[in-house]
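Following: one structure in structure tokens, then a few remarks.
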Amino acid sequence: MTTETLQAPAPRTPLQEFWHYFKGNKGAVSGLVFIIIICLMALFADVVAPHSPSDQARDALLLPPAWMEGGNWAYVLGTDDVGRDILSRIIHGARLSLSVGLVAVTASLLMGILLGLVAGYCKGVVDTIIMRVVDIMLAMPSLLLAIAIVAILGPSIVNAALAISIVSLPHYVRLTRAATMAEMSRDYVTSSRVIGASPLRLMFICILPNCVAPLIVQATLGFSTAILDMAALGFLGLGAQPPTPEWGSMLADALQFVQRAWWVVTFPGLMILLTVLAFNLMGDGLRDALDPKLKQ
Amino acid sequence: MFQFIFRRLSLVIPTFIGITLLTFTLIRLIPGDPIEVMAGERGVSAERHAELSAQLGFDQPLYVQYFHYVTGVLQGDLGNSLVTKEPVLSEFLTLFPATIELAFCAAIFAILIGLPAGMIAAVKRGTLFDHSVMTFSLTGYSMPIFWWALLLMLIFSVNLGWTPVSGRIDVVYWIDDVTGFMLIDSILSGEEGALSSAIAHLILPSIVLGTIPMAVIARMTRSSMLEVLSEDYIRTARAKGIAPWRVIIIHALRNALIPVITVIGLQVGILLSGAILTETVFAWPGIGKWLIESIGRRDYPVVQGGILIVATIIIVVNLLVDIAYGIVNPRIRHSR
């Protein structure tokens, strides 16, 4: 006689559960795929790019894209006013935009978590001071504040990244503080405290892991803001300086050729739009997948 | 009610102090000596340096300098531009109408398109229209507006020739500066074609500047409308047999609009910072272009004063929005 064993399906791990919800969101998945492609492109820019981003082909100035009349398949998306290949510059620009995004988001995330945890944990005067400063920063439009910071420090990529990370700090502080305060009233925090956990242990080992979900979402959306602000600063001449291949500063150079060469203007901007859109789509998907209230 | 307004006002004062501190330190963080920065490449002699230092108060302790700075600011003295020698405030006031005009038209555009689009998307939830509104608004929200400006310029000004490329009005018109608002001044001038020229110059910049607010308003209206539509009183209204459009417009919209109004108020910051980019592309002579040019010329008093004024305007508008919200929605007024 055969015994048929009925097994309950193994309970999903949190990661599997997250993936289950995330993959149901087509927009978020396509955003993720696009981001992976861009990351690979940026990582292997030297191999992928057909030309060096600074190579000037003197015999091919303002060449239209390959499929247009007068185009050349050696320069698929055409060339700019000094004969640099636009496709190669876009590919190398991806490297810059993504690394600036990564640096800015990481820096503001770390600072924001620290300040938010301290504000939420200590309450009282410390909390008031931190939150007042955050409110002041939120009262200024982020781009204006970033421009002010770059105006002081002088235009360069590093200063632009620094400005962007300072500007996005308030969101992380607020989120971490709110999450910390919610967790502080939970029983598990009280019991750890009773056992004798130190404040640092309470903050970083007990509370922080439970505040991660909203921070992941905010960090993803922060990437899109960082890329957008970086491009805006580059466009205003306050970010990357020529001849660095950066999407925003490529557009600034192109301003004078709008009437003659549409391709110089179109492709770098399209790249910014698609990348920012991909991060926003993924951020929305992450929010839906990570927020237990929205499930079901 | 007064208590509520008073409480909100008392929160504004520390914020304002913080912003003056920020702009005050801004100019002192610039690497190098402020007087040498002001003197530029010519340089100054040691005596002249000491004299200027005493005259501008740089030899006094920082807190005294800050006190003088704030006293000046409160009396409307924001210093003089290093380039034109004009007071910063009067330069600001001559340029500000251009920015208001642009921002106002952009806001009108954003509300006229965003509000109905979000409303219809909520009513027709899950349809093709809903999906397209959501897709368009997410795209608009992700838009690098300086590129969007270039793209529209490329299509409508360069290829189709429908709208002018830049500026506020055609050079053939000489409009007297009465109010500073080109639309009004061009009517007052009585010149034929001046008004249509001014309008043609406004269309593209307004669309560009209004794109992000439009996307935000459409998303907000949709989600707020969806929430209201699922409430019991809407079901009751429907059950009573009221015409469907009446339920939506009279019953649902009124309540759905409350959060939307707040969001519209919060767009002022986005409009003013977006104006920096839009004005740069369209050579629109407003405060955004003025600020960027001043940074390029290292005209620090202008940068300092400009940022202070813009930030103050945003704080005041946010305060007004908060108070208006408290008036419309008593639940907010009595919380906390």
Condition met for B:G180 (in the same structural domain as B:I108 (by TED's automatic domain parsing), at positive phi, more than 22 Å from the chain's Cα centre (by Cα) and modelled with pLDDT under 85): no
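Is it the case, given these coordinates, that B:S273 is in the same structural domain as B:I113 (by TED's automatic domain parsing), polar (S, T, N, Q), buried (at least 21 other Cβ atoms within 10 Å of the Cβ) and under 30 Å from B:G72 (Cα atoms)?
yes
What residue, of A:L270, A:L251, is under 26 Å from A:V29 (Cβ atoms), free of Cβ contacts under 8 Å to residues at least 60 places away in the same chain and either within 11 Å of chain B (Cβ to nearest Cβ) or touching a Ser or Thr at 6+ places or on another chain (Cβ under 9 Å) (or both)? Walk me through it before giving the result.
Numbers: A:L251 fails: under 26 Å from A:V29 (Cβ atoms).
After applying the criteria, what remains is A:L270.
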field: Within segment B:63-156, helices (runs of 4 or more DSSP H) holding 3 or more residues that are among the hydroxyl-bearing types (S, T, Y)
entry: B:88-123, B:128-141
- line: Within segment A:203-235, residues being surrounded by fewer than 24 Cβ atoms within 10 Å (Cβ to Cβ) and closer than 15 Å to B:W147 by Cα number 0
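For the structure I just gave you, tell me whether B:I276 is free of Cβ contacts under 8 Å to residues at least 40 places away in the same chain, within 12 Å of another protein chain (Cβ to nearest Cβ), closer than 20 Å to B:L102 by Cβ and in contact with a Lys or Arg (Cβ under 8 Å, 6 or more places away or on another chain).
On the way: free of Cβ contacts under 8 Å to residues at least 40 places away in the same chain: yes; within 12 Å of another protein chain (Cβ to nearest Cβ): yes; closer than 20 Å to B:L102 by Cβ: yes; in contact with a Lys or Arg (Cβ under 8 Å, 6 or more places away or on another chain): yes.
For B:I276, the condition - free of Cβ contacts under 8 Å to residues at least 40 places away in the same chain, within 12 Å of another protein chain (Cβ to nearest Cβ), closer than 20 Å to B:L102 by Cβ and in contact with a Lys or Arg (Cβ under 8 Å, 6 or more places away or on another chain) - is met.
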- request: Counting only residues that are under 26 Å from B:M134 (Cβ atoms) and modelled with pLDDT of 80 or more, give me the helices (runs of 4 or more DSSP H) lying completely in segment A:1-50 with at least 2 of them.
  value: A:14-23, A:26-43
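For segment B:81-109, which residues satisfy the criterion of being of a type in the set (G, A, S) and out of contact with any helix residue (DSSP H, G or I) (no Cβ under 6 Å at 6 or more places or on another chain)?
The answer is B:S90, B:A98, B:A107.
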query: Which residues, taken from segment B:190-219, are hydroxyl-bearing (S, T, Y) and either surrounded by fewer than 18 Cβ atoms within 10 Å (Cβ to Cβ) or part of a loop (DSSP other than H, G, I, E, B) (or both)?
result: B:S196
message: Go through (1) among the small types (G, A, S); (2) surrounded by fewer than 17 Cβ atoms within 10 Å (Cβ to Cβ); (3) not in a loop (DSSP other than H, G, I, E, B) for A:A197 and report which single condition fails.
response: (3)
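For (1) of a type outside the set (K, R); (2) more than 28 Å from the chain's Cα centre (by Cα), each residue gets a yes or a no:
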position: A:A49; (1), (2): yes, no
position: A:P53; (1), (2): yes, no
position: A:A60; (1), (2): yes, yes
position: A:N72; (1), (2): yes, yes
position: A:T79; (1), (2): yes, yes
position: A:R84; (1), (2): no, no
position: A:L98; (1), (2): yes, no
position: A:V105; (1), (2): yes, no
position: A:L114; (1), (2): yes, no
- line: Only unsatisfied item for A:G239, checking (1) in contact (Cβ under 8 Å) with a residue 60 or more places away in the chain; (2) buried (at least 24 other Cβ atoms within 10 Å of the Cβ); (3) at the interface with chain B (Cβ under 10 Å from one of its Cβ atoms), is (3)
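May I ask you to verify whether B:L112 is under 21 Å from the mean Cα position of the chain (by Cα) and surrounded by 14 or more Cβ atoms within 10 Å (Cβ to Cβ)?
Working: under 21 Å from the mean Cα position of the chain (by Cα): yes; surrounded by 14 or more Cβ atoms within 10 Å (Cβ to Cβ): no.
So B:L112 fails the test.
Scanning segment A:32-59 for residues that are touching a residue at least 60 places away in the same chain (Cβ under 8 Å) and not hydrophobic (A, V, I, L, M, F, W, C), which turns out farthest from A:G93 (Cα to Cα)? Spell out how you get there, then give the answer.
So the first thing to find is which residues in segment A:32-59 are touching a residue at least 60 places away in the same chain (Cβ under 8 Å), and the list is A:32, A:34-35, A:38, A:53-54.
If we keep only those that are not hydrophobic (A, V, I, L, M, F, W, C) too, we end up with A:53-54.
Details: A:P53: 9, A:S54: 12 Å.
Result: A:S54.
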field: For A:P155: the one exception among (1) in a helix (DSSP H, G or I); (2) surrounded by fewer than 24 Cβ atoms within 10 Å (Cβ to Cβ)
entry: (1)
message: Please go through segment A:141-160 and give me each residue that is in contact (Cβ under 8 Å) with a residue 40 or more places away in the chain, over 15 Å from B:A275 (Cα atoms) and not hydrophobic (A, V, I, L, M, F, W, C), ordered by number.
response: A:P155, A:S156
- prompt: Within segment B:126-155, how many residues are among the hydroxyl-bearing types (S, T, Y) and facing chain A (nearest Cβ under 7 Å)?
  reply: 3
message: Taking the condition of being crowded, with 24+ Cβ neighbours inside 10 Å and part of a loop (DSSP other than H, G, I, E, B), how many residues in segment B:285-319 meet it?
response: 1
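Could we say that A:T190 is surrounded by 14 or more Cβ atoms within 10 Å (Cβ to Cβ), more than 9 Å from every other protein chain (Cβ to nearest Cβ) and part of a helix (DSSP H, G or I) here? Working first, answer last.
Values: surrounded by 14 or more Cβ atoms within 10 Å (Cβ to Cβ): no; more than 9 Å from every other protein chain (Cβ to nearest Cβ): yes; part of a helix (DSSP H, G or I): yes.
Judged against the criteria, A:T190 is not a match.
Test of understanding: among A:A219, A:A213, A:A240, which residue is outside any helix (DSSP H, G or I) and either over 23 Å from A:G78 (Cβ atoms) or not charged (D, E, K, R) (or both)? Please lay out each step first, then the result.
Numbers: A:A219 fails: outside any helix (DSSP H, G or I); A:A213 fails: outside any helix (DSSP H, G or I).
After ruling out the rest, the residue left standing is A:A240.
The values are calculated or read from the model by the stated rules, or taken from the named source; none is laboratory data. Everything quoted here is computed from the prediction, not taken from an experiment. Note that each Cβ is placed from the backbone with ideal geometry, even for glycine, and that neighbours are counted across all protein chains shown.
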